[in-house]
Amino acid sequence: MAKKIKGIGASSGIALAKVYILDEHPIVIPTSKAKDVKEELTNITESIAKAKKDLENLQMIAKEKLGEEKAAIFEAHASILEDPAMAEEFTALVNDKNYNAASAIHEVANKYIEMFGSMDDDYFKERAADIKDVTERLIRYVLKLPVLDLAAISEEVIIIAEDLTPSQTAQLNPTFVKGFACNVGGRTSHAAIMARSLEIPAVLGLKTVLKDVKEGDTIAIDGVTGEVEINPSNKDEWNDKAKKFLEEKAELEQFRTKKTVTKDGYDKFILEGNIGSPKDVAAVLENGGEGVGLFRSEFLYMDNDHFPTEEEQFEAYKKVVTDMNGKLTVIRTLDIGGDKKLSYFKFPEEMNPFLGYRAIRFTLDRKDIFKEQIRALLRASAFGPVGIMFPMIATVDEFLAAKNFTLDCKAELEKEGVKVGKDLEIGMMVEIPAAAVNADNFAKHADFFSVGTNDLIQYSMAADRMSENVTYLYQPFNPSILRLLKLTIDGAHKHGRWAGMCGEMAGEPDAVPLLMGLGLDAYSMSATSILKARSIMSKLTLKETQELVAKALECETSEQVLKLVHDLMKDK
């Protein structure tokens with residue numbers, strides 16, 4: 001009997017095939033104490049060597065199938081495996097507390113998984129998935145359990161699982177694995193990113209799919225909408241959808257090398273990519289990105305066991321700026337605190353850390369840490385256009401304090417004879433409603449704005465977007481949010497500044513016509529959303545989008561706004 005469920009479309013495409021239920025032997029962590037400490041430590045060392053060999057093989061497979069950039073994830077996995085801080089913690093638990101090898105690894109891994117997994121930022125959440133993937137493989141070797149080989153699948157199937165790890169996804173052969181559907185995960189998971197590279201449809205966050213299917217079932221999945229149908233009643237309908245998807249995909253390909261131009265010839269909109277590390281630049285360029293609108297510098301701090309030095313940061317920033325080859329790279333200064341913690345620094349306990357000591361509030365207080373970053377950013381600006389962007393700005397005084405500190409560092413470097421770029425811009429995130437309302441005053445001092453919609457929306461609605469009880473209040477299309485965006489963009493333009501957006505809304509197909517009509521200049525999104533945004537822009541005139549916005553600002557609800565957008569786009 002047919003059953004429909006809905007999840008998150010994580011890798012586009014339509015697939016119809018029989019189910020393959022991924023059923024690994026569950027790991028049961030023994031609670032017994034170590035009988036022989038030396039033997040337990042030897043077991044850990046030998047298991048690390050075996051897991052490392054696996055990762056080297058997986059990297060070779062991934063390089064062949066996915067390219068250098070995607071294969072680099074297994075370098076990151078190897079660095080987790082060889083992390084001296086984690087190894088020290090394993091050893092201490094075995095030596096000092098008589099833990100057995102598996103329970104020592106499990107306890108240390110859980111600490112880091114919890115730390116990264118509790119973060120709001122999807123990019124950093126993925127660090128939790130990476131640590132889980134690596135340490136589970138390690139524990140399987142310690143306990144002499146089998147490690148699954150998905151490369152052996154030799155018939156057309158759709159994999160059903162609780163979750164797929166990056167190492168499992170890398171083994172998939174698209175000839176036989178037509179897609180996968182999982183209970184957990186989202187668009188930014190490494191499994192989703194790899195699925196997109198393999199061009200395998202994926203639907204994640206389904207919650208109950210493992211319970212809903214059984215061996216012998218057929219399943220159809222839509223990796224765009226997140227729709228899933230078990231034992232579909234009309235297979236022809238799914239086959240037609242698959243055909244239509246392939247036609248649309250072929251149409252999008254033409255936009256890879258095209259300029260971003262509206263139907264009436266306006267060519268000033270810029271489509272950019274959000275990145276989390278230098279390795280992500282390749283995907284932005286492959287998808288026709290015209291710049292980097294958000295480089296989250298936090299990865300340098302969170303993938304470390306110490307505050308990164310000026311030199312370490314400079315090398316990372318320089319690589320991105322150089323690889324972008326003359327296109328603007330906007331780098332956000334350290335956005336730490338709230339849900340983003342560091343293993344080597346203890347933030348004060350606060351009732352509401354999201355509204356507390358974080359981001360610019362932390363760096364202005366700890367100028368010793370801030371100075372290392374600002375000097376590195378300024379030095380990198382000698383290699384191409386750079387925008388330095390301050391997060392969580394609430395007042396003009398706060399912005400000026402950060403800007404003047406940056407200019408002081410610049411003067412200091414120049415005095416030392418160190419070159420700083422001429423194309424340097426100093427701007428700010430607009431994610432606090434107070435900053436949006438006061439945008440015209442900020443624009444007297446800031447070179448640009450970039451709207452962080454995730455925070456702007458949750459602060460405006462007083463609703464944590466990660467709380468399931470209030471997710472209905474996460475409303476990007478609410479007229480109140482559109483009005484805040486209008487204030488921000490108009491405020492920038494009043495003083496000849498440009499306004500961009502680097503929150504998820506920038507790449508949302510329903511949002512693009514509204515943002516065009518509001519006059520947003522730069523749209524920064526995940527690399528895979530760029531072609532779709534460019535295609536939408538090519539079908540619309542500025543006049544149409546401006547008329548759309550005029551009506552949308554008079555609406556009362558998100559639903560009314562979305563209806564206007566859908567009515568405009570239905571014949572495009």
Open item on the list: If a residue must be more than 15 Å from Glu398 (Cα to Cα) and under 28 Å from the mean Cα position of the chain (by Cα), how many such residues does region 414-432 contain?
Closed with: 3
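Per-residue answers, yes or no, for (1) in a helix (DSSP H, G or I); (2) out of contact with any strand residue (DSSP E or B) (no Cβ under 8 Å at 6 or more places or on another chain); (3) without any contact (Cβ under 8 Å) to a residue 40 or more places away in the chain:
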residue: Asp267; (1), (2), (3): no, yes, yes
residue: Gly273; (1), (2), (3): no, no, no
residue: Ala282; (1), (2), (3): yes, yes, no
residue: Glu290; (1), (2), (3): no, no, yes
residue: Gly293; (1), (2), (3): no, no, no
residue: Tyr301; (1), (2), (3): yes, no, no
residue: Phe314; (1), (2), (3): yes, yes, no
residue: Lys319; (1), (2), (3): yes, yes, no
Open item on the list: Scan region 413-424 and tell me whether some residue there is in a helix (DSSP H, G or I), farther than 30 Å from Phe477 by Cβ and of a type in the set (Asp, Glu).
Closed with: yes
Task: Subset tally (residues that are over 24 Å from the mean Cα position of the chain (by Cα), of a type in the set (Ser, Thr, Tyr) and under 30 Å from Thr42 (Cα atoms)) for region 132-182 - done: 1
- [ ] Name every residue in region 144-181 that is closer than 21 Å to Thr528 by Cα and not hydroxyl-bearing (Ser, Thr, Tyr), in order of residue number.
- [x] Leu164, Pro166, Ala170, Leu172, Pro174, Lys178, Gly179, Phe180, Ala181
TODO: List the number of the failed condition for Asp120; all other conditions in (1) touching a His at 6+ places or on another chain (Cβ under 9 Å); (2) modelled with pLDDT under 85 hold.
DONE: (1)
Task: Only listed residue being outside any loop (DSSP other than H, G, I, E, B), touching a helix residue (DSSP H, G or I) at 6+ places or on another chain (Cβ under 7 Å) and in contact (Cβ under 8 Å) with a residue 12 or more places away in the chain, chosen from Ala242, Ala220 - done: Ala220
- [ ] Go through region 193-221 residue by residue and tally those that are within 13 Å of Lys6 (Cα to Cα) and either in contact with a Lys or Arg (Cβ under 7 Å, 6 or more places away or on another chain) or among the aromatic types (Phe, Trp, Tyr) (or both).
- [x] 1
Open item on the list: Just to check your reading of the model, which residue among Thr169, Thr165, Thr175 is outside the structural domain of Thr42 (by TED's automatic domain parsing), out of contact with any strand residue (DSSP E or B) (no Cβ under 9 Å at 6 or more places or on another chain) and buried (at least 19 other Cβ atoms within 10 Å of the Cβ)?
Closed with: Thr165
Task: Single residue of region 301-331 satisfying the filter (aliphatic (A, V, I, L, M) and within 16 Å of Asn274 (Cα to Cα)) that is surrounded by the most Cβ atoms within 10 Å (Cβ to Cβ) - done: Val321
Open item on the list: Would you confirm whether or not region 359-371 contains a residue that is basic (Lys, Arg) and under 25 Å from the mean Cα position of the chain (by Cα)?
Closed with: yes
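Got at least one residue in region 225-245 being in contact with a Phe, Trp or Tyr (Cβ under 8 Å, 6 or more places away or on another chain) and surrounded by fewer than 21 Cβ atoms within 10 Å (Cβ to Cβ)?
yes
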- [ ] May I ask you to say which residue of Thr225, Thr262 is in contact with a strand residue (DSSP E or B) (Cβ under 7 Å, 6 or more places away or on another chain) and part of a loop (DSSP other than H, G, I, E, B)?
- [x] Thr225
Open item on the list: If Arg196 satisfies all but one of (1) farther than 29 Å from Lys63 by Cβ; (2) assigned by TED's automatic domain parsing to the domain that holds Ile14, what's the number of the condition it fails?
Closed with: (1)
Task: Qualifying residue in region 368-387 (condition: on the phi < 0 side of the Ramachandran plot, in a strand (DSSP E or B) and not small (Gly, Ala, Ser)) - done: yes
TODO: State which residue pairs qualify: first residue at positive phi and inside region 402-417, second residue part of a loop (DSSP other than H, G, I, E, B) in any location, beta carbons under 6 Å apart, and separation of 6 or more residues or different chains.
DONE: none
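The values are calculated or read from the model by the stated rules, or taken from the named source; none is laboratory data. Remember, it's a predicted structure, so these values are computed and weren't measured experimentally. Note that we place each Cβ from the backbone using ideal geometry, even for glycine, and neighbour counts take in every protein chain shown.
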